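Engineer: The structure under discussion is supplied below as structure tokens; questions concerning it will follow.
The values are calculated or read from the model by the stated rules, or taken from the named source; none is laboratory data. Computed from a predicted model, the values in this text were never measured in an experiment. Ideal geometry is used to build each Cβ from the backbone, glycine not excepted, and the neighbour counts take in all protein chains shown.
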């Protein structure tokens, strides 16, 4: 024990003796050498005050004094040290303890060799007894009992002394780990050689977690790295992974006897040691790792106020002295010290001071003043906001009453401003009060640096370099000079590239030019960030691309890369980089290609030459090896997709990958089979094939297109019915309400009326579950590969976690209504629903994805479509929907409150066409513009009102080409007033009063609610006969009256001219459309269909 003498066992001690050594009054178990440091399960430590030795054996092993020593062959063999030791301090957490430990047990086998050390700190709620019970059946759990120490520090120290793992992880007994968290963190530390890994924290029950900290992963960083905000944003909590050798080398231990703040010196010491002397720090932000909870009953130490002011400020002073001892004076040290003043002085006083009793107020003032006198440097003071400068002045000058007045005023809201020349002051209490004499500088609004860079122009410079010209809208104190850096960040895997930045300052305006070399970037989506610093730690923000900013309409193309800037959905500037050829290797001479591929091309010079010429599809014909063939065909498809083209034979490309998946499945490798299957579906359902073009191979021949998927061994295994243990129970007949659970994942757009009706229905007990917001189910829903692997017979741990997460919902509900046939439906059919009825609704886009192929329809009782054409297409794509074992099928329109749209039209509406929603290329707004041009040739009064955001750039070349053509159309028509774009509008009924003709020009829809809404408003509907259903028995005419549907722009023009030439004819046509819409699709009608579906026994014919 680091220089302390070992205590010898009493005479007669055997090899299974355990030595109990006491440091102060906190015992730690020291193992006998024979057992390699593994103490007996369930060993309880009695209260002791000095060193002693006591006998203890494994369960059933008698004391040696009575029965001797067990023969060597019966003693457990020496085990290799664990990879990670999980240390759990336990005090009165019995209610959550089992969940916490289970989350640690289930980290294996994802992480090799794990031990859990639970230290019971004198629990009085039965937690210690529960630990013993759990340890009896779990050899990885080691339990220590000790008298209460007053805080979690001493139990953690005891755990450190016992630990044998390469890494230490500290887990609180009311929190829990995410699946696979320890494996990911250990892998990150191993890969990067770092000593600390901070895994992504997820707040539960109102617990706040700094979002900025986990915006992105960092393979290797430090608290002193240029621009790093790690120290400013990280919580000083020990809920992280630490390399044990670093902890021992630095001599780190927790503060004992503290109710809170016990981990600050440990964490700060570890971060400084890792930053200054050893391997650095990693941040894992790509996966949820740790669920950090607030107790529902409010009984945690921090919820009850934590340590008193005297203990807190003594601890913080110790930590700040540690920082000052190890970091040289200057901006870096001030940046670290600023964090403690910001949180533990200003933040703590601002939150708590007014609610404290007088004695605690006095101790708070004294402790805070000592910190300010010691560490508030002029550099730190220059960046404090006015109310913190006032707090500091009052504390340092014993202004007790003004301090309380200022805090009360700040709690009430921001005070008014007062201008004096070019200076601005906030009128907090005692401003220019001679009796108090607080300097004006404390009230002044200091000119602060903004967050980020504003972009003025984006263009191409020479040789594929992207030039960004912008400015920093900054006002700085005289002499201050900002530091600005611009970086590109690859989303997956994380990688940063710095741009070259040139700054120019003229008066208060700072302009910049950043040039980004895109020629050597790896393919993927790169986001642009700016970091701005001036005398304090840098602030990093996304570089925006505002709506009015013109982006280059062509890509920069080199031999190996193609780069195109685009605006993200959230308005950020990004660049999509693709490979126009399969790889650098494919451009080498034929001889080099033959040497690389070896036997795969069977010595064929022709095949190698084809590959060298960038024709992998031709080379693939000459390949015998399955994996190489799939790679070549996949590379050829990737090249075409990156250029926005449909591959020559997309079916052959994804079928070749399915052949690899089948081979892996036959070899008993479900993980490899899952990976190949997902690669195949990535090729088969790529958005360029089905979303970002006006045609889709699945529309043209769905049975042929999905045939290889359905015939493959993996596809058949995924489609194989797993069945259920019991038939669905009938609706409850005992007078209790039906329990209805409605499930979605991040999209409840079509659930408003349903939630309102059944949430208030007297015969329904209603619950709503969004998987994206559930801290347990969200990571399970993201684990697509694990989902497929489990369905193929692997990943039993994933299956157990899924069963435990979903079973409470399934046991509670009578009926589960799953919105969208996506991850939610796949998850709920991976487990046996028992007697719970499962209803799934499939809209449209799901049919063009892999999701329906992952749903076990033998566990779905009812499948709902919003239209007959969509039902027919789904039946063609999924033959499982036919036959006696298929779910019952229903066609029920979307739930819409159309009565709110029935309002008088404005006089000019008769000549106003409406087009609502441009989100995807499949909406094909250019069809509507062709109609508009033809109408204006007859009468220039016709105009088009476009409602909704612009066509979203997806980063694909196909979408970019369509968007370019659309923007040219708008540029032609908008100056004359022919087109007016409104952007997003919340009050659509009001917008519809301006529209006299509602258009649906899409190539692909399942229902198109906008048509129903426009018709209900009295607009004349004109619906394109959606090409996606061309050649099929049912299309748009199966949903809408035949006279509403047109085949060509010419037919649309004829219908509009005929019905709008005369005002009375137009009004009559609109009234007829409104009557049909309200009588057919309004919620007052459709709700009865939902009642029969969800509350009654509605028997519907199955798909023939």
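Engineer: I'd like to check which strands (runs of 3 or more DSSP E) are fully inside the stretch 862-922 and have at least 2 residues that are within 30 Å of residue 978 (Cα to Cα). Before the answer, list the steps.
Structural biologist: Working: elements: 862-865, 888-891, 912-916.
So the answer is 912-916.
Engineer: Let me ask something else. What number of residues in the stretch 732-747 are modelled with pLDDT under 90 and either surrounded by 15 or more Cβ atoms within 10 Å (Cβ to Cβ) or closer than 11 Å to residue 817 by Cα (or both)?
Structural biologist: Adding up the residues that qualify gives 0.
Engineer: Report those strands (runs of 3 or more DSSP E) wholly inside the stretch 80-199 carrying at least 2 residues which are under 30 Å from the mean Cα position of the chain (by Cα). It would help to see each step written out before you state the result.
Structural biologist: On the way: elements: 84-90, 114-120, 141-145, 167-170.
Strands (runs of 3 or more DSSP E) meeting the threshold: 84-90, 114-120, 167-170.
Engineer: Could you tell me which numbered condition residue 968 fails, if it satisfies all but one of (1) within 22 Å of residue 1022 (Cα to Cα); (2) surrounded by fewer than 16 Cβ atoms within 10 Å (Cβ to Cβ)?
Structural biologist: Here residue 968 meets the rest and fails (1).
Engineer: While we're on this one: For the stretch 375-393, enumerate the residues that are closer than 24 Å to residue 432 by Cβ and not in a helix (DSSP H, G or I). Lay out the reasoning, then the answer.
Structural biologist: Going residue by residue through the stretch 375-393, those that are closer than 24 Å to residue 432 by Cβ are 376, 378, 381-393.
Residues satisfying the conditions are 376, 383, 384, 385.
Engineer: Still on this structure, please answer the following. Tell me, please, whether a residue that is closer than 29 Å to residue 91 by Cβ and in contact with a helix residue (DSSP H, G or I) (Cβ under 8 Å, 6 or more places away or on another chain) can be found in the stretch 202-219. Walk me through how you get there before you give the answer.
Structural biologist: Of the residues in the stretch 202-219, the ones closer than 29 Å to residue 91 by Cβ are 202-210, 213-214.
Among the residues that remain, those that are also in contact with a helix residue (DSSP H, G or I) (Cβ under 8 Å, 6 or more places away or on another chain) are: 210, 213.
Yes, the stretch 202-219 has at least one match.
Engineer: Working only within the stretch 836-848, note down all residues that are outside any strand (DSSP E or B) and at pLDDT 95 or above. Walk me through it before giving the result.
Structural biologist: Taking the stretch 836-848 as the starting set, the residues that turn out to be outside any strand (DSSP E or B) are 836, 843-848.
If the condition is that a residue be outside any strand (DSSP E or B) and at pLDDT 95 or above, then 836 is the only one that fits.
Engineer: Further, regarding this structure: Which one of these is assigned by TED's automatic domain parsing to the domain that holds residue 903 and out of contact with any strand residue (DSSP E or B) (no Cβ under 9 Å at 6 or more places or on another chain): 966, 999, 982?
Structural biologist: On the way: 999 fails: out of contact with any strand residue (DSSP E or B) (no Cβ under 9 Å at 6 or more places or on another chain); 982 fails: out of contact with any strand residue (DSSP E or B) (no Cβ under 9 Å at 6 or more places or on another chain).
So the residue among 966, 999, 982 that is assigned by TED's automatic domain parsing to the domain that holds residue 903 and out of contact with any strand residue (DSSP E or B) (no Cβ under 9 Å at 6 or more places or on another chain) is 966.
Engineer: Here's a follow-up. For the stretch 1068-1099, give me each residue that is surrounded by fewer than 17 Cβ atoms within 10 Å (Cβ to Cβ) and closer than 24 Å to residue 1000 by Cβ.
Structural biologist: Matches in the stretch 1068-1099: 1068, 1071, 1072, 1075, 1079, 1084, 1085, 1089.
Engineer: While we're on this one: Name the helices (runs of 4 or more DSSP H) wholly within the stretch 730-816 that hold at least 1 residues that are over 18 Å from residue 179 (Cβ atoms)?
Structural biologist: Numbers: elements: 752-759, 777-782, 784-791, 796-812.
Those helices (runs of 4 or more DSSP H) span 752-759, 796-812.
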